[in-house]
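So the structure is just underneath, and the comments pick up after that.
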Amino acid sequence: MVGLGRMALPIELLKHAGRIPELFVATRLTPSYVPLIRRYLEFEKLDYPFELPLTNGRTLTLSSQAEVAVFWQIFVRQCYRMPAGCRTILDAGANVGMYVVWAAGAQPEARIVALEPFPTTYLALEKNIRANKLETRVRSSRIGLAAQTGDRFIKTAGPSPNRGVVLHDLEVSTEDTVRVPCMSLTECLQYHELESIDLLKMDIEGSEWEVLLSTPTPVLRSIRHIQLEYHAVHARFGYTPEKLFAHLAAGGHQLTFRQEDAQRTGIAYFKLT
């Protein structure tokens, strides 16, 4: 792999031998694959923000190693799929817009509503939308999803992809949180005048349980495909994948794919039957 020789000692590269196919995928995605791979493998401390041009003419500004890791999941590992015929997409948990940019390329005819409640992350999302000239196709909205419409809190600590709405049952300090506006999924669809959507992508760091379990069956039936990340750590609040999947099945959604990591954080795909 040309250009990677000086980024790590041979013994360090051997630790990542199983990732070599992924590294070759990265070389096809960006002319800046060397600085991208160096940041992803964390061989050394590197500066951010990181401007990442893509070979398809798009570009992204990434502000942390955690955002690089999300890019890797979406673009290199292709953790999401684009079902045929998706023209309306709701991106819940848009972060800085990596999925937006990927989806815009995967489905050039799609219109996307991108939700991101955290103030500084939302500004980064808007920047990436403008940089890729997607303003006519993407509508960004600084709201989060929750069981009920109203203000909630997000902790300010940690990298942007890991910030989620604090659950109602947990105590929060105004010193380490920021207040954000939230909507139920039902009211969000009404607010954006979406009678139906082809694809709901949801990565909202633990709020997926309360949002989907509180969504009525008729609303679930207005969504053709759901692709979501779920967090088993929230089982202590009574949330289980079995309970969630049964609720989605009652709304007509068939589980078509499921994968979990060692921490039991998983990704699941559903299709309306």
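Tell me whether segment 156-177 contains one or more residues that are part of a strand (DSSP E or B) and either modelled with pLDDT of 90 or more or not β-branched (V, I, T) (or both). No: zero hits. Within the set V113, V68, V100, V96, the sole residue that is in a helix (DSSP H, G or I) and assigned by TED's automatic domain parsing to the domain that holds G164 turns out to be V100. Tell me, please, whether a residue that is more than 15 Å from the chain's Cα centre (by Cα) and under 17 Å from M202 (Cα atoms) can be found in segment 128-139. Looking for residues that are more than 15 Å from the chain's Cα centre (by Cα) and under 17 Å from M202 (Cα atoms), one finds at least one in segment 128-139, hence yes. When F153 is tested against (1) in a strand (DSSP E or B); (2) at pLDDT below 95; (3) closer than 20 Å to L189 by Cβ, exactly one condition is not met: (3). The single condition among (1) within 21 Å of N95 (Cβ to Cβ); (2) among the polar types (S, T, N, Q); (3) not in a loop (DSSP other than H, G, I, E, B) that N56 does not meet is (3).
Among the conditions (1) in contact (Cβ under 8 Å) with a residue 60 or more places away in the chain; (2) out of contact with any Phe, Trp or Tyr (no Cβ under 6 Å at 6 or more places or on another chain); (3) assigned by TED's automatic domain parsing to the domain that holds I197, D91 misses just one, which is (2). When E195, E205 are checked against the criterion of being surrounded by fewer than 14 Cβ atoms within 10 Å (Cβ to Cβ) and closer than 23 Å to S140 by Cβ, E195 stands alone in meeting it.
Residues in segment 90-100 that are out of contact with any His (no Cβ under 9 Å at 6 or more places or on another chain) and of a type in the set (A, V, I, L, M): A92, A94, V96, M98, V100.
Considering only segment 77-91, I want to know if a residue exists there that is of a type in the set (G, A, S) and under 29 Å from G150 (Cα atoms). The answer is no; no qualifying residue exists.
The values are calculated or read from the model by the stated rules, or taken from the named source; none is laboratory data. For clarity, every value in this text was computed on a predicted model and none was experimentally measured. Please note: Cβ atoms are built from the backbone with ideal geometry, for glycine as well, and neighbour counts cover all protein chains shown.
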